[in-house]
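Below is one structure, written out as structure tokens, with a few remarks after it.
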Amino acid sequence: MKVLICDPTAPEAIEEMRQAGIEVEVKDDISAQELEATIPDYHGMVVRSRTMVRKNIIDAGKDLRVIVRGGVGLDNIDVEYAQSKGITVMNTPAASSDSVAELTIGYLFALARHIPQATASMKANRWEKKKFRGTEIQGKTLGLIGCGRIGTAVARRADALGMKVIFHRRTPYEIDCAIQVPLKELLQTSDYISLHVPHTEETHHLLGREEFALMKDGVYIVQCGRGGTIDEEALYEALVAGKVAGAALDVFETEPAVDNRLFQLDNVIGSPHIGASTLEAQARVGMEVASLMTDFYKERF
């Protein structure tokens, strides 16, 4: 079995696959054009969020039998089409949950206390103590849109910090530290709103102008979920108008998010899709990828 590693993967995970008898080739900066030309030679591929596996790649993979996505979402893979061609698609939803949850909590503090802006001010040799008066997150209401593995991990941490946690999801769900509510109630009562849903047709621009209008004045938005679930034009307008006091974004409608005008605003902070980018998460993701690929090899070859 020949497997192509298309995105950076832990070396120990690659070695584990090789020890199992899999022929592994690493091209972790491969371009889309090169991938389409190369994939016919492989039975399996490993991707992260960078590599897009669309219909053209799937059609080119005449011997492709398995795609393993190291990470939570499958937005970058045409899953149904791949499955219709008999290709198995797997991911590692649990491996990076804690890292994304911790980034979300970090952003709650950063927004409440203006940490990035205060740091920038200090680096510019200014002492603007009164300008950066913040608020406590203790006692505030955090509304989670989506409450799966990551949302639950965020809820538990926020509850431990003294926040009231509410959440919305399509199906009934019980968690001891949070209360399930309708989306409208969440929008109207939350001091902080954090998104943890996949990007689908149903969730595209889940937060738009109508939803921002329902929110409290001075609400804070945290987006460590999936780009496209927030209408960024509507968010920009809400930030300029003061409806939204601040936003922290790790994912975007278009990535890389260069020349994104949201970052012209002082009340926006962000990062380049680093939610799962911790040493611990990368190691867990890599080893889970290796386990999935090795099990597939042993069962099918």
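Side notes on the structure shown:
- Check on E253, farther than 20 Å from P93 by Cβ, buried (at least 16 other Cβ atoms within 10 Å of the Cβ) and either hydroxyl-bearing (S, T, Y) or free of Cβ contacts under 8 Å to residues at least 60 places away in the same chain (or both): yes
- For the range 212-222, the condition of being free of Cβ contacts under 8 Å to residues at least 60 places away in the same chain, in contact with a helix residue (DSSP H, G or I) (Cβ under 7 Å, 6 or more places away or on another chain) and of a type in the set (F, W, Y) holds for at least one residue.
- Single unsatisfied condition, K62 versus (1) surrounded by 15 or more Cβ atoms within 10 Å (Cβ to Cβ); (2) not assigned by TED's automatic domain parsing to the domain that holds G228: (1)
- Subset of the range 127-180 [out of contact with any helix residue (DSSP H, G or I) (no Cβ under 9 Å at 6 or more places or on another chain), surrounded by 15 or more Cβ atoms within 10 Å (Cβ to Cβ) and part of a loop (DSSP other than H, G, I, E, B)]: G146
- Subset of the range 159-173 [under 10 Å from T141 (Cβ atoms) and either free of Cβ contacts under 8 Å to residues at least 24 places away in the same chain or under 21 Å from the mean Cα position of the chain (by Cα) (or both)]: V165, I166
- Residue count, the range 181-210 (criterion: part of a strand (DSSP E or B) and within 20 Å of Q138 (Cβ to Cβ)): 3
- Out of L239, L207, sole residue that is more than 20 Å from L144 (Cβ to Cβ), buried (at least 20 other Cβ atoms within 10 Å of the Cβ) and of a type outside the set (D, E, K, R): L239
- The residues on offer are S96, S84, and the sole one that is of a type in the set (G, A, S) and surrounded by fewer than 22 Cβ atoms within 10 Å (Cβ to Cβ) is S84.
- Hey, G246 closer than 23 Å to H199 by Cβ, assigned by TED's automatic domain parsing to the domain that holds V197, surrounded by 15 or more Cβ atoms within 10 Å (Cβ to Cβ) and within 15 Å of the chain's Cα centre (by Cα) or not: no
- The set of residues from the range 111-132 being within 21 Å of G225 (Cα to Cα) and out of contact with any strand residue (DSSP E or B) (no Cβ under 6 Å at 6 or more places or on another chain) comprises just one member, A112.
- Restricted to the range 84-126, and to residues there that are among the hydroxyl-bearing types (S, T, Y) and assigned to a helix (DSSP H, G or I), the residue that is farthest from L64 (Cα to Cα) is S121.
- Considering A276, A281, A238, A257, the condition of being in a helix (DSSP H, G or I), of a type in the set (A, V, I, L, M) and over 26 Å from G134 (Cα atoms) is satisfied by A281 alone.
- Sole exception among (1) more than 23 Å from L235 (Cβ to Cβ); (2) among the charged types (D, E, K, R); (3) in contact (Cβ under 8 Å) with a residue 12 or more places away in the chain for D176, by number: (3)
The values are calculated or read from the model by the stated rules, or taken from the named source; none is laboratory data. Note that the structure is predicted; figures quoted are calculated from it, not measured. Cβ coordinates were reconstructed from backbone atoms using ideal geometry, including for glycine residues, and neighbour counts include every protein chain displayed.
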